[in-house]
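Working notes for the structure below.
The values are calculated or read from the model by the stated rules, or taken from the named source; none is laboratory data. Here the structure is a predicted model, which means the values were calculated and not measured. Neighbour counts are summed over all protein chains in view; Cβ atoms, including those assigned to glycine, are modelled from backbone coordinates with ideal geometry. We work out accessible area using only protein heavy atoms, side chains counted, and drop any ligands, DNA or RNA first. Shrake-Rupley method; radii C 1.70, N 1.55, O 1.52, S 1.80 Å.
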Amino acid sequence: MVKVEFLGPINKKSMELEIDNLNQLALVLKEDEELQEWLENSAVAVNDTIVSSLDVALQDGDKI
C-alpha cells in the first residue's frame, strides 16, 4: 500500500492505495473531478524525490 499526499493549494485528504506504479495512480486521480484541473500542472515526488515518468514502480510503504 502506498500513501498519496496532496500538498500546496490542493485541498484534499491523503489516501492509501494498492497500486504498483504511477500510471495506475494517474488513472485513479483522473476519476476525481476536484483534481482534474491540477493534474497537468503538478509535480510528483516518490519518497521526496521528484519524478518525471509515470512508469516508476512503487513499493509497499512508498509516499507519493
Restricted to segment 50-64 and to residues being open to solvent by 80 Å² or more (accessible area, probe 1.4 Å) and out of contact with any Leu (no Cβ under 8 Å at 6 or more places or on another chain), the residue farthest from ASN21 (Cα to Cα) is ILE50
Considering only residues that are more than 12 Å from the chain's Cα centre (by Cα) and at pLDDT 95 or above, which ones fall in segment 1-12? MET1
Tell me, which strands (runs of 3 or more DSSP E) lie completely within the chain with 2 or more residues that are touching a residue at least 40 places away in the same chain (Cβ under 8 Å)? 2-4
